[in-house]
Amino acid sequence: MGKKVVVTGVPGVGKTTVINGAMEKLAAEGVEYKTVNFGTFMFEVAKKENLAADRDEMRKLEKDVQKRLQQAAASGIAAMGGDANIIIDTHSSVKTPTGFLAGLPEWVLRELMPDIVVLVETDPDQILMRRLGDASRARDMEGFRSIAEHQEFNRAVSAAYAMYTGCTIKIVRNENFLLEQGIDDLVSVLR
Ligand code: AP5
């Protein structure tokens, strides 16, 4: 059985950047992982059904619609399973207009059964600056306190994921000027 590693973090923390860096290092060592982006799976269905014009609109959809897209993504990813090592790039929780939506509720965990859940974190002011600097996305503009609260909620909800699956929870810091350190930390978990 391959390893299933779920990598999460609030929008703009740089989880995709850290994953890509780790993939490069692991490939050089001959360690193979497939990476899948959970949001991309959801967006493929949302686009087909004309529910969202871009991926940032999805978190504003009605809660039951998001849950349906989530379920579709989870079973699509589970079907890829097999013996390959997989990294799933996703969210511990999604900030919606009606509150935090669990990114890995029971029906998603049952499909994925991760070995490890990684939380990529850094200081909220750094995340704020990264969001402001990324013109390619329609990111939520929130303050320092609100980003800090989202990171705290992600830790809390991840404890429930560990209780349900027996997975371990790893926190990887992705700080300004210290990207390599974050990448090395993730590599050590994936190796
Ligand atoms: P997704 O595509 O995952 O959106 P996202 O959170 O915005 O993720 P990104 O990949 O855009 O950001 P990132 O944190 O990876 O940062 P990046 O590496 O780009 O999800 C889209 C949507 O799908 C969600 O909004 C949700 O609706 C839905 N979804 C997904 N999973 C779900 C689930 N399980 N349940 C329900 N819905 C779900 O980096 C950002 C910037 O920072 C870049 O400019 C980068 O250069 C810079 N940067 C990175 N690291 C550093 C560093 N160390 N120093 C300085 N700059 C840095």
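Structure data summary
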| read-out | value |
| --- | --- |
| Any hit, region 122-131, residues being over 25 Å from Glu57 (Cα atoms) and not in a helix (DSSP H, G or I) | yes |
| Hey, Gly82 touching a Gly at 6+ places or on another chain (Cβ under 8 Å) and over 17 Å from Thr16 (Cβ atoms) or not | yes |
| Residue in region 36-53 that is of a type outside the set (Ser, Thr, Tyr), within 11 Å of the ligand (Cβ to nearest atom), touching a Phe, Trp or Tyr at 6+ places or on another chain (Cβ under 9 Å) and at pLDDT below 95 present | no |
| Residue count, region 56-87 (criterion: surrounded by 14 or more Cβ atoms within 10 Å (Cβ to Cβ), of a type in the set (A, V, I, L, M) and farther than 17 Å from Leu109 by Cα) | 3 |
| Residues of region 166-191 satisfying the condition of being more than 14 Å from Asn20 (Cα to Cα), buried (at least 19 other Cβ atoms within 10 Å of the Cβ) and of a type outside the set (A, V, I, L, M) | Cys167 |
| Qualifying positions in region 94-126 - within 8 Å of the ligand (Cβ to nearest atom) and within 27 Å of Asn176 (Cα to Cα) | Val94, Gly103, Val120, Thr122, Gln126 |
| Any chance Thr122 is β-branched (Val, Ile, Thr), crowded, with 16+ Cβ neighbours inside 10 Å and closer than 23 Å to Glu24 by Cβ | yes |
| Check on Ala79, within 26 Å of Glu44 (Cβ to Cβ), of a type in the set (Gly, Ala, Ser) and either modelled with pLDDT under 95 or more than 8 Å from the ligand (Cβ to nearest atom) (or both) | yes |
| Unique residue being out of contact with any His (no Cβ under 8 Å at 6 or more places or on another chain), closer than 17 Å to Lys4 by Cβ and among the acidic types (Asp, Glu) when the list is Glu111, Glu49 | Glu111 |
| Residue identified as within 13 Å of the ligand (Cβ to nearest atom) and among the aliphatic types (A, V, I, L, M) among Ala28, Ala72 | Ala72 |
| Unique match (being assigned to a helix (DSSP H, G or I), more than 24 Å from Asp56 (Cα to Cα) and in contact (Cβ under 8 Å) with a residue 24 or more places away in the chain) among Ala162, Ala148 | Ala162 |
| Evaluation of Gly99 against (1) surrounded by 13 or more Cβ atoms within 10 Å (Cβ to Cβ); (2) farther than 15 Å from Gly12 by Cβ (one fails), failing number | (1) |
| Region 29-55 - residue that is surrounded by fewer than 16 Cβ atoms within 10 Å (Cβ to Cβ) and of a type in the set (S, T, N, Q) and, of those, farthest from Val94 (Cα to Cα) | Asn50 |
| Residue match in region 5-25 (condition: more than 12 Å from the ligand (Cβ to nearest atom), surrounded by fewer than 16 Cβ atoms within 10 Å (Cβ to Cβ), closer than 21 Å to Leu179 by Cα and not aliphatic (A, V, I, L, M)) | yes |
| Filter pass, Leu109 being within 26 Å of Val189 (Cβ to Cβ), within 13 Å of the chain's Cα centre (by Cα) and surrounded by 17 or more Cβ atoms within 10 Å (Cβ to Cβ) | no |
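The values are calculated or read from the model by the stated rules, or taken from the named source; none is laboratory data. Just so you know, these numbers come straight off a predicted model, no measurement behind them. When we count neighbours, we look across all protein chains shown, and the Cβ atoms used for this are built from the backbone with ideal geometry, even at glycine.
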